[in-house]
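The values are calculated or read from the model by the stated rules, or taken from the named source; none is laboratory data. As the structure is a computational prediction, the values presented were derived from the model and not from experiment. So basically every Cβ, Gly included, is an ideal-geometry build from the backbone, and we count neighbours across all protein chains shown. Only protein heavy atoms, including side chains, enter the accessible area calculation; ligands, DNA and RNA are left aside. Shrake-Rupley method; radii C 1.70, N 1.55, O 1.52, S 1.80 Å.
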Amino acid sequence: MRVALPLAKPELGWERNAHVRQVSRDEVERCLGPVDTFEVLHGGLANTNVRAGERVLRLHRGEDGSVTAHEARLLAHPWRTFRVPKVLARGEGFLVLE
C-alpha cells in the first residue's frame, strides 16, 4: 500500500519585498495605456502581476531583460499537455498576457 506524503511548500516561507508589492497607476499605464481600474494579484516572489480588465500585466522586478524574453519564448512554445496564456505584448521588463 502506498501512502501519500505531503508535498513540501517552500513558498509558504517566501516573503515578498516591498518594491515587488507596490505598483503605481503611472507604471501600469506606461505598459498598458490608460486603464479604468487595476488589481495587484497575490503571488510571485520576484515579480508582480496586475489584472486590468481581461489582461494581466506581468512586471519583472530587478531583472536584466533576459528573463522577460525567456518567459515570452516559453509562453509562445506550442505546448500540448497544458494551456498557457497568450502573450499580447511585451516591453522592457514586462509582459502583457491574456
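Things worth noting here:
- Residue pairs whose Cβ atoms lie under 7 Å apart, separated by 6 or more positions or on different chains, with the first residue in the range 68-80 and in contact (Cβ under 8 Å) with a residue 24 or more places away in the chain and surrounded by 15 or more Cβ atoms within 10 Å (Cβ to Cβ) and the second aliphatic (A, V, I, L, M) and not in a helix (DSSP H, G or I), are 68/95; 71/95.
- For residue 35, the stated conditions do not hold, so it cannot be described as of a type outside the set (Lys, Arg), open to solvent by less than 30 Å² (accessible area, probe 1.4 Å), under 25 Å from residue 75 (Cα atoms) and at pLDDT below 70.
- Subset of the range 87-97 (residues that are open to solvent by 40 Å² or more (accessible area, probe 1.4 Å) and at pLDDT 95 or above): 87, 88, 89
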